Every structure is written in structure tokens, then in C-alpha cells.
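Heads up: the structure comes next, in C-alpha cells.
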Ligand code: DAT
Ligand code: MG
């Protein structure tokens, strides 16, 4: 079965507000496999690279201030269709438009404090995983595999 990996990040507000376990719990309970996790106080240069496609946006400086304001929890989750499904689980970028039941819809109100990041394509996921986890991810066998996948 073709497995995908996605880069998920609990942003500084999620760490400050004690929402890390809620974000992890959603992915864990869904059945995805955690293959990397760490607490990071990211350098501005790392975030500038991560958000390179947004550098000309008016909100970019405030995005950098927000994202460098405290530690983040960086993770890689693996599973079938995890990139697109992970985005659905996060909800819309602007929490005003995020459906209840999504992570942003349930736990946030403003776009500049939307608590989590998720890769938007398989290609960007691979780029972001390399950027945040140069040391690589962990290869392990989940005993639940046969209870999650046919
Ligand atoms: P997403 O995080 O859903 O992939 P994005 O990549 O377009 O959204 O933007 C990255 C982050 O930048 C987003 O999570 C919050 C912030 N952002 C996006 N659009 C914004 C806006 N119009 N005003 C303020 N912040 C914004
Ligand atoms: Mg994005």
C-alpha cells in the first residue's frame, strides 16, 4: 500500500495553550503513525524557508513574529492519504471558516493564531520533512496496522 508522510506542527499558541495533546490525539486516534516528533524553538531563517512562498504577503512579518515567539512541536505522521486528510482534519486556514469538528474549528478563532500547520501537498510534505527533520524519521512497525488497514 502506498503510504504518504506529512509534516504537522503545533504552533507556539498551541504549545502555550496546552493543546499539543489534542492535536497529537486527533492524528493518533485516526490511525496515523507517528514517525518523528520534537520540541523546537525555530530560528527565523528556518521559518523564512518554511514559509518561502508567502514572503511577499503583507502578513509575512507578523507571521514570522508569531512563529518565532515560542517553541513549536514538529511532527511527521504517516498513513494512507495523510497529506490531504491531515489538511481536512486541520480545517480551513481561517478559523472563521473552519468547520466545527476540525482542529482549527474547535480550538481557534483568528487566522494569525490558528494553532497548527499541515503540509498542503505530497511534494511540499517531503520538502518540509527534509527542512525540519534533517536527521530523518523513525522506521517502525505498528502492531495496529492490521486493525487499521485491510
Ligand atoms: P495554511 O496554514 O492553511 O497552509 P497558508 O500556507 O496559506 O495557510 O498560510 C500560512 C499561515 O499564514 C497560515 O496558517 C496563517 C497565516 N496566514 C495566511 N493567510 C493569512 C492572512 N490573510 N492574514 C494573516 N495571516 C495569514
Ligand atoms: Mg500552507
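FYI, it's all coordinate maths here, none of it is from the lab. Just so we're clear, the structure is a prediction, and the values are computed from it rather than from any experiment. Note: ideal-geometry Cβ built from the backbone for every residue, glycine included; neighbour counts use all protein chains shown.
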(request) Quick one: order 108, 53 by neighbouring beta-carbon count within 10 Å, fewest to most. (result) 53, 108
(request) Would you mind ranking 72, 122 by Cβ crowding within 10 Å, fewest neighbours first? (result) 122, 72
(request) Once you have a ≥ b ≥ c as the square roots of the Cα gyration tensor eigenvalues for region 65-107, tell me rounded if a/c is under 1.5, and otherwise prolate or oblate according to whether a/b is larger than b/c. (result) oblate
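Using Cα pairs under 8 angstrom and six or more residues apart, how large is the relative contact order of the chain, in percent?
About 35 percent, as a whole number.
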(request) Compute the length gained on full extension between residue 131 and residue 41: take 0.36 nm times their separation in residues and subtract their Cα-Cα distance, giving the result in nm to one decimal. (result) 31.0 nm
(message) Between region 55-82 and region 1-35, what is the separation of their alpha carbon centroids in Å?
(response) 13 Å
(message) Using a 10 Å cut-off around each Cβ, can you sort 3, 64 from fewest to most neighbouring Cβ atoms?
(response) 3, 64
(request) Please label the shape of the chain as rounded, prolate or oblate, based on the square roots a ≥ b ≥ c of the eigenvalues of the alpha-carbon gyration tensor (a/c under 1.5 means rounded; beyond that, a/b larger than b/c means prolate, else oblate). (result) prolate
(request) Would you work out if region 33-116 is rounded, prolate or oblate? Take a ≥ b ≥ c from the square roots of the eigenvalues of the alpha-carbon gyration tensor; rounded if a/c is under 1.5, else prolate when a/b is larger than b/c, oblate otherwise. (result) oblate
